[in-house]
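A.B. asks: My questions all concern the structure below.
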Amino acid sequence: SPIGCGGSKLSYSEAERCVIEATREGLEARFTSGEIISADLIRKLMLGVPLYTDLAPVPTPCGVRIIGAVIDGAINLNNGRGDNGTVMPGLVLDYCRIIGGIDISYAQLGKLSLEHTAVGEIRAVRAFIEGELIANDIHPAEEFGNCFLSAHSLHVDGDIQLRRAMLRESSEPDQFGTEQFALDLRNATINGTVYLRDLVCHGTINISLA
């Protein structure tokens, strides 16, 4: 069952506390008015980092699950591991708008769900996902912005779902000079099924040797 977090007067700190308490109790934090959640809070919850120096990390029995929020900043989970080097829990950010994109490259996590979420970039190079990668109906965060999945050498034990996704590649290479295709699954290992029905793609799909 979700914890309801509606109301346009909900302050930033209240919204964050709602996420913290929902995560602690194994529930989802559901918002109705586009409340703002810090990307850094999500990073700390996923990595098992204490929110305050004198407190223990927040337990994540069912992962971090946020519905309907605006995520302020880039979610940087590059090379991320959970508490004591374990696999990070699942991350669900459905019906959200992620201002700065998300990077799980070289990380290990339980699952990633971004259904109906507006996001400019998803980086998952050499990431390991125990469950599913769900990105049905993702679309650019800006009207003419990018929305690409860069995930070469990704390992997913479950399915990849990209039904009805609207992808658009970047015209600029990344910091290493690599082209940023709309969908890059080169050399990926996917033990489940890849669902691409009704995918809209402005740019290149590269799944060579996947």
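The values are calculated or read from the model by the stated rules, or taken from the named source; none is laboratory data. Values in this document were obtained by computation on a predicted structure and should not be read as measured data. Every residue, glycine as well, gets a Cβ built from its backbone with ideal geometry; the counts of neighbours run over all protein chains shown. With ligands, DNA and RNA removed, areas are computed over all heavy atoms of the protein, side chains included. Shrake-Rupley method; radii C 1.70, N 1.55, O 1.52, S 1.80 Å.
A.B. asks: Go through L93, L199 for me and flag whichever is open to solvent by less than 10 Å² (accessible area, probe 1.4 Å) and either of a type outside the set (K, R) or modelled with pLDDT of 95 or more (or both).
C.D. replies: The unique qualifying residue is L93.
A.B. asks: From the set of residues in the stretch 176-185 that are open to solvent by 20 Å² or more (accessible area, probe 1.4 Å) and of a type outside the set (D, E, K, R), which is modelled with the lowest pLDDT?
C.D. replies: Looking at the filtered set, the residue picked out is F176.
A.B. asks: Mind counting the residues in the stretch 133-148 that are under 11 Å from I122 (Cβ atoms) and either open to solvent by 20 Å² or more (accessible area, probe 1.4 Å) or touching a helix residue (DSSP H, G or I) at 6+ places or on another chain (Cβ under 8 Å) (or both)?
C.D. replies: 1
A.B. asks: Out of the residues in the stretch 10-32 that are open to solvent by 60 Å² or more (accessible area, probe 1.4 Å) and either over 19 Å from the mean Cα position of the chain (by Cα) or within 25 Å of N84 (Cβ to Cβ) (or both), state the one that is modelled with the lowest pLDDT.
C.D. replies: Within the stretch 10-32, the match that is modelled with the lowest pLDDT is Y12.
A.B. asks: How many of the residues in the stretch 49-90 are more than 26 Å from H155 (Cβ to Cβ) and either buried (at least 16 other Cβ atoms within 10 Å of the Cβ) or modelled with pLDDT of 95 or more (or both)?
C.D. replies: 7
A.B. asks: Let me ask something additional. Identify all residues within the stretch 9-34 that are touching a strand residue (DSSP E or B) at 6+ places or on another chain (Cβ under 7 Å) and assigned to a loop (DSSP other than H, G, I, E, B); write none if there are none.
C.D. replies: L27, E28, G34
A.B. asks: On to the next question. Please state which of the following conditions P173 fails to meet, knowing it meets all the rest: (1) in contact with a Gly (Cβ under 7 Å, 6 or more places away or on another chain); (2) open to solvent by 10 Å² or more (accessible area, probe 1.4 Å); (3) within 20 Å of A74 (Cα to Cα).
C.D. replies: It fails just one condition, (1).
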